[in-house]
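Here is the structure we will look at.
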Amino acid sequence: MGLVTIDHSMSLDGFITGPDPTPEHGLGIGGERIFAWMMDAPARDGTRILSDAYDEMIGSETDATGAVIMGKRMFEIIDGPDGWVAPNGYQFPWPVFVLTHEVRPPETKGKTRFVYVNDGPESALAQAQAVAGGKRIALNGGNTCQQFLRAGLVDEMRIHLVPVFLGGGVRLFDRVGESPRDLVFIGGQQLGGVTHLDFRFAPADPRA
């Protein structure tokens, strides 16, 4: 089975959105700062392209990813008539499993296949693994990452640590469980003004 991974940009004070995120403005106040490193400056015609730092740190993982699991809030941010589309127009090809209480049939928009899961993270993971072909399963969104962390279902984590204090918003590491879990540092670099840190979760201590 492929690794279950978290790959998230985060402010220095631990937030993945700014204060007061809404479905219409999912990044909250000032939250765009967390993701600015991914984009080059707008061209004269207003179009934007993904940065070299994005291509190196995230774009290289496109072929290694087989499916994505996210929550309803994240889905509302990325959903569109053409599915999940990057700012440069690239349509992400992965099947997306959405954790939600809403009962909806699966649907395909553009290149994105959305499957709505009502019975929890373990079910979403099993469904994602069934179609991922042994590739990694990526987790997206604060609440979804927290659910998987609490359940001990995350194998590796990459944090893009952005040097900014946002002072509020959605924290990545709220409510992740009360038992200590050790991580192993497996790599890191500074690129695009951001510190990129890779960790692997150590096996749980059977004596704990």
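The values are calculated or read from the model by the stated rules, or taken from the named source; none is laboratory data. All figures in this text were calculated on a predicted structure; none of them were measured in a lab. Using ideal geometry, Cβ is built from the backbone for each residue, glycine included, and neighbour counts are taken over all protein chains shown. Please note that ligands, DNA and RNA were not included when accessible areas were found on the heavy atoms of the full protein model with its side chains. Shrake-Rupley method; radii C 1.70, N 1.55, O 1.52, S 1.80 Å.
Miscellaneous remarks
- Considering residues of the stretch 1-35 that are in contact with a Pro (Cβ under 8 Å, 6 or more places away or on another chain) and open to solvent by 70 Å² or more (accessible area, probe 1.4 Å) only, the residue farthest from Gly66 (Cα to Cα): Ile29
- Matching residues, the stretch 86-105, being part of a loop (DSSP other than H, G, I, E, B) and open to solvent by less than 70 Å² (accessible area, probe 1.4 Å): Ala86, Gly89, Phe92, Pro93, Trp94, Pro95, Thr100, Arg104
- All positions within the stretch 1-27 that are at pLDDT 90 or above, touching an Asp or Glu at 6+ places or on another chain (Cβ under 7 Å) and part of a loop (DSSP other than H, G, I, E, B): Leu3
- Of the residues making up the stretch 162-201, just one is closer than 22 Å to Met74 by Cα, open to solvent by 40 Å² or more (accessible area, probe 1.4 Å) and assigned to a strand (DSSP E or B), namely Arg171.
- Residue in the stretch 48-69 that is closer than 25 Å to Val176 by Cβ and part of a helix (DSSP H, G or I) present: yes
- Set Ala53, Ala67: member being hydrophobic (A, V, I, L, M, F, W, C), more than 22 Å from Lys135 (Cα to Cα) and buried (at least 18 other Cβ atoms within 10 Å of the Cβ): Ala53
- Hey, Leu153 part of a loop (DSSP other than H, G, I, E, B), more than 26 Å from Asp20 (Cβ to Cβ) and in contact with a Pro (Cβ under 9 Å, 6 or more places away or on another chain) or not: yes
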